[in-house]
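The values are calculated or read from the model by the stated rules, or taken from the named source; none is laboratory data. Everything numeric here is computed off the predicted structure, so don't read it as measured data. All Cβ positions, glycine included, derive from the backbone under ideal geometry; neighbour counts span all protein chains shown. Just so you know, the surface numbers come from the protein's heavy atoms only, side chains and all, with ligands and any DNA or RNA stripped out. Shrake-Rupley method; radii C 1.70, N 1.55, O 1.52, S 1.80 Å.
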Amino acid sequence: MSEEAQSPLPREVVDGLQALVAGEELTDTLRPSSRAPGSLAYSWAPVTEVRLRLLTGFPVPRLSPRGVAGRQEVLAVPGRNGEPSFEVDEQGSPSTSAFAVFHLPHDLDWRRAAVSSVLEQEVTCLYVQLPPDERPWPQSVAHRRHRFDADGGLRPVSGDDFTVVDVDGCSVGVQIDRSGAVCVGWSIGRSSGGTARVWNVTMLTRGSAVQAVQVVREAGLLR
């Protein structure tokens with residue numbers, strides 16, 4: 001771990017995170033009865049670390065041991081009924097544009113590790129995917145309730161539960177929920193087969209916003 005990673009977060013970052021007011025947007029979005037429960041619209045299938053590195057072309061991003069102590073790690077890619085569904089790259093080799101790193105209590109089976117578990121258990125989910133569109137990131141990591149406006153259209157409701165902070169030159173989006181869940185989003189650049197790509201990362205965990213960002217920073221995942 002580098003000396004920089006061990007240093008405290010800048011005061012202005014801590015102040016910005018501590019000023020957040022917990023809302024209910026994560027609970028509203030991730031609860032089991034929502035229209036899209038589970039792991040961010042994907043069904044997942046476990047894979048080995050060797051297989052995942054072959055699919056992506058770079059090492060698996062890992063959180064600091066302090067942040068996931070005492071939990072089992074499960075690596076997964078999109079799939080169905082436990083079977084992975086691979087894509088094909090330009091060379092005709094298997095690949096994936098999304099994967100997950102789950103950190104779960106040892107008594108929690110990965111098949112029950114839906115996102116909604118973050119609302120109730122000590123689960124940390126790290127989702128990594130190539131940007132599907134041109135939406136601004138990490139601003140679009142925020143979950144927002146919607147309400148009907150006077151014309152009958154849906155309009156987003158803003159709140160004080162989400163902010164974007166600069167940590168070591170990286171824009172990090174953070175949202176907190178009354179359930180104790182925290183959502184953190186940022187981007188990482190990785191090279192595969194000589195091609196550099198930017199991947200969007202979403203982490204769902206429990207604890208304070210400051211703790212969540214510090215764990216990511218300590219792992220060296222903001223670059």
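Hey, can you tell me all the residues within the range 184-207 that are within 27 Å of GLY23 (Cα to Cα) and open to solvent by 50 Å² or more (accessible area, probe 1.4 Å)?
The one that is within 27 Å of GLY23 (Cα to Cα) and open to solvent by 50 Å² or more (accessible area, probe 1.4 Å): ARG206.
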Does VAL213 satisfy the criteria of being aliphatic (A, V, I, L, M) and part of a helix (DSSP H, G or I)?
-> yes
Is there a residue in the range 81-90 that is surrounded by 14 or more Cβ atoms within 10 Å (Cβ to Cβ), among the aliphatic types (A, V, I, L, M) and on the phi < 0 side of the Ramachandran plot?
-> no
Is it fair to say ALA114 is at pLDDT 85 or above and under 26 Å from GLN211 (Cβ atoms)?
-> no
Of the numbered conditions (1) open to solvent by less than 20 Å² (accessible area, probe 1.4 Å); (2) at pLDDT below 95, GLN175 satisfies every one except a single condition; which is it?
-> (2)
Since GLN214 meets every condition but one in (1) surrounded by fewer than 21 Cβ atoms within 10 Å (Cβ to Cβ); (2) in contact with a helix residue (DSSP H, G or I) (Cβ under 9 Å, 6 or more places away or on another chain), which condition does it not meet?
-> (1)
Could you tell me whether any residue of the range 146-156 is at pLDDT below 90, touching a Pro at 6+ places or on another chain (Cβ under 9 Å), surrounded by fewer than 14 Cβ atoms within 10 Å (Cβ to Cβ) and within 23 Å of THR29 (Cα to Cα)?
-> yes
Can you tell me how many residues in the range 93-117 are aromatic (Phe, Trp, Tyr) and either touching a helix residue (DSSP H, G or I) at 6+ places or on another chain (Cβ under 7 Å) or closer than 18 Å to PRO59 by Cβ (or both)?
-> 2
